[in-house]
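Encoded as structure tokens, the structure appears first; notes follow it.
Where a number appears in this text, it was derived from the coordinates with a stated rule and is not lab data. Computed from a predicted structure; not experimentally measured. All Cβ positions, even for glycine, are placed from backbone atoms using ideal geometry, and neighbour counts span all protein chains on display.
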Amino acid sequence: MSTPAQFDTRRFKAQERSGFNRIAAAYADTAHLRAELASALLAHAGLSPGQQVLDLASGPGLLARDAAAHVAPGGWVLATDIAEGMLAEGLARAAAEGCHGLAGVAADAEHLCLPDARFDRVLAGLALFMFPHPGLALGEARRVLRRGGRLVLSVWGPRDQVALIARAQDAIAATLPPPKVQRPSVFRFGDEAVLTAALHEAGFSDVRIEPCRFACHFDTPEDYWQAFLSLAGGVSEALAGLPGERQQALVAAVAEALESHREGTGYRVDALCLIASAQA
């Protein structure tokens with residue numbers, strides 16, 4: 001799938017790396033909001049003791065730490081991410097939890113410095129849409145998988161079914177001028193047919209896709225906004241330099257966008273993800 005015209009891949013990756021490094025702790029602290037999705041992805045992965053697993057765009061190792069428990073004893077997990085600060089956060093938390101069988105290395109998913117046919121499973125939670133050239137990342141995932149191994153990933157569904165992200169985007173669009181160069185859409189694989197085609201084009205077979213719906217609950221619009229900023233590294237980095245009045249205007253726009261999601265004294269914001277599994 002192509003990226004926007006005039007898109008600067010190197011600049012985009014640098015901003016993503018800087019942003020995710022800055023929000024590493026906050027990203028890990030909000031993991032509970034996506035726990036249902038993480039559990040569903042791992043269930044589809046079918047992990048078992050002794051397997052060797054690669055986790056792409058691992059961030060602070062939320063999937064990787066749970067995966068390590070599933071492949072013990074005898075197995076191990078390699079967590080990779082372009083943001084080394086995220087990996088360091090995850091490895092520190094893993095050590096504090098007594099997690100074994102987990103290692104981490106800073107790596108670009110589109111250019112993995114790893115041998116062919118090395119892993120039984122490759123995981124990629126909420127990651128594929130962030131890669132400027134997702135076909136390269138899928139090709140690398142297939143290359144490092146053993147024959148018969150599986151790639152298991154999650155992506156956001158269609159925009160109109162992912163209020164968790166869309167409401168923040170609505171607030172940004174209502175407050176700020178459009179960017180000179182559009183970022184790749186986080187919803188670009190929300191169509192099952194598009195996702196299936198991308199996996200087939202990369203050489204995968206036996207593609208299986210299942211929906212995963214979950215809801216997040218927030219006490220205030222500010223809580224929702226901070227949770228969004230703790231999830232979107234590159235966007236968070238871009239917004240961090242805005243003056244105070246613009247920041248306040250964004251929060252006000254978020255409150256307006258969330259009105260239709262009121263439930264009791266707080267807010268319920270739904271999301272749909274697609275979980276795909278494919279054989280190398």
(request) Show the residues, 5+ positions off or on another chain, whose built amide H is closer than 5 Å to the amide H of Ala202. (result) none
(request) Note the full-extension length gain between Ala193 and Arg268 as 0.36 nm times their separation in residues minus their Cα-Cα distance, in nm to one decimal. (result) 24.1 nm
(request) Among Ser39, Ser58, rank each residue by its count of other Cβ atoms within 10 Å, from fewest to most, as a rough exposure measure. (result) Ser39, Ser58
(request) Kindly express, to the nearest 10 degrees and within the range 0 to 90, the angle between helix 9-22's C-alpha long axis and the longest C-alpha principal axis of the chain. (result) 80 degrees
(message) Through the Karplus equation 6.51 cos²θ - 1.76 cosθ + 1.60, θ set to phi - 60°, convert the phi angles of the range 47-62 into ³J(HN,Hα) values in whole Hz; use x for Gly and Pro.
(response) 6, 8, x, x, 6, 10, 10, 10, 10, 8, 6, 5, x, x, x, 5
(request) Taking H placed 1.01 Å from N in the peptide plane, check which residues at least 5 places from Arg118 or on another chain put their amide H under 5 Å from its amide H. (result) Leu145, Arg146
(request) Quick one: order Lys180, Lys13 by neighbouring beta-carbon count within 10 Å, fewest to most. (result) Lys180, Lys13
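Against the empirical 2.2 N^0.38 Å scaling, what ratio does the C-alpha Rg of the chain come to?
0.98
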(message) Based only on other Cβ atoms within 10 Å, what is the fewest-to-most ordering of Cys113, Cys212?
(response) Cys113, Cys212
(request) Measure out, as a whole number of angstrom, how far apart the alpha-carbon centroids of the range 237-280 and the range 92-142 sit. (result) 27 Å
(request) Provide the per-residue ³J(HN,Hα) series for the range 273-278, in order, calculated from phi with Karplus coefficients 6.51, -1.76, 1.60 and θ = phi - 60°, each as a whole number of Hz, with x at glycine and proline positions. (result) 10, 10, 10, 10, 10, 8
(request) Sticking with the crude label model, points 7 Å out along Cα→Cβ, report the distance from Ala26 to Arg118 in nm, one decimal please. (result) 3.3 nm
(message) For a Förster distance of 25 Å, can you work out the FRET efficiency between the beta-carbons of Thr220 and Ala103, rounded to the nearest 0.05?
(response) 0.05
(message) Test of understanding: in a Gaussian network model of the chain with alpha carbons linked when under 10 Å, which of Ala72, Ala95, Ala25 would top the mean-square fluctuation ranking?
(response) Ala95
(message) From the mean inverse distance of alpha carbon pairs (Kirkwood) and the Cα radius of gyration, derive Rg over Rh for the range 201-280.
(response) 1.15
(request) Could you point to the residue in Gln248, Leu164, Leu62 farthest towards the positive end of the chain's charge dipole, with +1 and -1 charges on the Cβ of Lys/Arg and Asp/Glu respectively? (result) Leu62
(request) Report relative contact order for the chain in percent, whole number only (criteria: Cα-Cα under 8 Å, sequence separation at least 6). (result) 24 percent
(message) If R₀ is 25 angstrom, what is the calculated FRET efficiency for the pair Trp76 and Ser39, using the beta carbon separation as r and rounding to 0.05?
(response) 0.75
